[in-house]
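Novice: Quick one: structure below, then a few questions.
Each value in this text was obtained by applying a stated rule to the coordinates, not by laboratory testing. Bear in mind that the values here come from a model prediction, so they are computed numbers and not experimental data. Please note: Cβ atoms are built from the backbone with ideal geometry, for glycine as well, and neighbour counts cover all protein chains shown.
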Amino acid sequence: MNYIEAIDWLENIPISFDIDYNNYEFKLDNIIKFLNHLGSPQNNQKFIHVAGTNGKGSTCHIISSILQEHGHNVGLFSSPHLYDYRERIKINSNPIEKKFVLEFIINNRMYIKKNKISFFETSFAMSLCYFRLMKPDFIIVEVGLGGKLDATNVINPILSIITNIGFDHKKFLGNSLSQIAKEKAGIIKNGIDVIIGESNKKINKVFEREAAKCNSIVHYADQSKSSFMTDLNGDYQNKNINTAIAALNKINDLSLDESIILKGIANINKNTNLIGRWQIIGDKPKVIFDVAHNLNSLELVFRQLNSIRGKIRIVFGTLDKIDQLECIKIFPKNYKYYLCTPSNKRAMSLEKLCAKAKKLNINFSTYNSVKAAYECAILDSDENDVILVTGSTYLFSEIKN
């Protein structure tokens, strides 16, 4: 087995659930047993645990950049990846070594197969083993789905962060914001402070109630209106930057310098290789990649697009999740849409997208592949147009390939 074969094998493990989102089990038994088998790599590490509906990946990378500028080596586990599996596991800006991935799969594939360890559980366990070897000063862990029974919730962090609460993954997390908040509040640990990125009167009481059960203190990030000098392009990143700063200020033994914090904010892309957030990958026409994939995140992206002059074209494809068609309701009517279906078993069909778009009188055309939709958007554009590719992370690798 070589590296490419190992990745192919890994990506053919069930992610956690099937095409109909059935067979998903919220439990920690498998990951706990697997980590015990691996010698408990989660022990004796400084973890920062980050949950939330939107912005958790960006917040993780912002924290990493600030810590790096203060002279620390930082491990980061995040998901999903856009182009390369190794984006999920990094030390600073450096992805996990191919040799380590290969050896981990070779050494553990029989156990993984026999015990039905999921793709996400396998990836998370691999990251912990890599961090045990590399010994970073801090490890930032992004929750995969929810919080309470997400595989990452076996760690004992020095700080917990919940960026915000919105509607996503209703089938698993609940049909109300309070239910979703309670599920994500499951990452709160006994005696460990929790930072809430966005205060919401309707759900603050949920966090405070769950924190009280754990003797934990809730802190709300100051969402100031000030903007920061940063190499991130999305206007929405200010919220994540404020959350990251508030979180780092609650780590007791961390000596922070304001000028170095600002340097970390200015060099997030440079220090961490964060991609897919208002990422400009072309000019004349301007082409933007953004991983916005639910109602709340798309609202923020469209708000920024509305400030741009020129014809706006949207290449859009998504997974078939509950209420995902609601996203089309907020599509600005003056944009042109190129609807497509990513190559994924859980992708929403063109028939569903088309039917909804017709009802809402959206200006659209449909394509059988992401590549075809993107190429047509390019051909239709002049140099002053803007093309946004969004809706699912699965779009980007198909365009790149």
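Novice: May I ask you to evaluate 6.51 cos²θ - 1.76 cosθ + 1.60, the Karplus curve with θ = phi - 60°, for each residue of the stretch 32-46 and list the ³J(HN,Hα) values in order in whole Hz, giving x for glycine and proline?
Specialist: 5, 5, 5, 5, 4, 4, 8, x, 6, x, 7, 7, 6, 10, 9
Novice: Using the Cα centre of the chain as the reference point, and only Cβ charges (+1 on K/R, -1 on D/E), how large is the resulting charge dipole? Debye, rounded to the nearest 20.
Specialist: The calculated dipole for the chain is roughly 760 debye.
Novice: Let me ask you something else. So what's the gap between the Cα centers of the stretch 176-247 and the stretch 293-335, to the nearest angstrom?
Specialist: Their Cα centres are 25 Å away from one another.
Novice: Using packing as a proxy for protection, rank 261-271, 195-205 so that the peptide with the highest average count of other Cβ atoms within 10 Å comes first. Mind showing how you got there, number by number?
Specialist: Values: 261-271: 19.4, 195-205: 17.5.
Ranking the peptides 261-271, 195-205 by packing returns 261-271, 195-205.
Novice: Which distance in Å, rounded to a whole number, links the C-alpha centroids of the stretch 40-93 and the stretch 264-292?
Specialist: 17 Å
Novice: Would you work out which of Gly234, Ile117, Ser176 lies farthest towards the positive end of the dipole of the chain? Charges go on Cβ: Lys and Arg +1, Asp and Glu -1.
Specialist: Going by the Cα projections, it comes out as Ser176.
Novice: Give me the one-decimal nm value for the distance between modelled label points at Asn273 and Asn94, 7 Å along each residue's Cα-to-Cβ direction.
Specialist: My value for the distance between the label points is 1.1 nm.
Novice: Right, next: Select from Thr318, Gly276, Ile196 the residue farthest towards the positive end of the dipole of the stretch 186-324; place +1 on Cβ of Lys and Arg, -1 on Cβ of Asp and Glu, and compute about the Cα centre.
Specialist: Thr318
Novice: Further question: Mind ranking 127-134, 344-351 by how tightly packed they are, going by the mean number of other C-beta atoms within 10 angstrom, highest first? Display every interim value, and only then the final one.
Specialist: On the way: 127-134: 20.4, 344-351: 15.2.
Going by the mean number of other Cβ atoms within 10 Å, highest first, we get 127-134, 344-351.
Novice: Cβ neighbours within 10 Å, averaged per peptide: list 146-157, 46-57 in order, most packed at the top.
Specialist: Details: 146-157: 21.1, 46-57: 25.4.
Listed from highest to lowest mean packing, they are 46-57, 146-157.
Novice: In deg cm²/dmol, rounded to 500, what helix-only [θ] at 222 nm does the chain give when every DSSP H run of at least 4 residues adds -39500 (n - 2.57) and the total is split over its residues?
Specialist: -11500 deg cm²/dmol
Novice: For the chain, set up a Gaussian network in which alpha carbons nearer than 10 Å are linked by springs, and say which option among Ser93, Ser123, Ser40 fluctuates the most.
Specialist: The residue that fluctuates most here is Ser40.
Novice: Treating only the Cβ atoms of Lys and Arg (+1) and Asp and Glu (-1) as charged, compute the dipole magnitude of the stretch 279-400 about its Cα centre; round to the nearest 20 debye.
Specialist: Values: 18 positive and 13 negative charges, 57 e Å.
In debye, rounded to 20, the stretch 279-400 gives about 280.
Novice: Any of Lys184/Lys205; Lys311/Lys358; Lys116/Lys345; Lys311/Lys359; Lys329/Lys359; Lys98/Lys345 with alpha carbons more than 18 Å apart? Name them for me.
Specialist: Numbers: Lys184/Lys205 14 Å; Lys311/Lys358 21 Å; Lys116/Lys345 20 Å; Lys311/Lys359 23 Å; Lys329/Lys359 10 Å; Lys98/Lys345 27 Å.
Violating the 18 Å Cα-Cα cut-off are Lys311/Lys358; Lys116/Lys345; Lys311/Lys359; Lys98/Lys345.
Novice: Only counting other Cβ atoms within 10 Å, I'd like Glu142, Glu398, Glu11, Glu103 sorted with the fewest neighbours first. Intermediate values should be presented prior to the final figure.
Specialist: Numbers: Glu142 25, Glu398 19, Glu11 10, Glu103 14.
Ordered by Cβ neighbours within 10 Å, fewest first: Glu11, Glu103, Glu398, Glu142.
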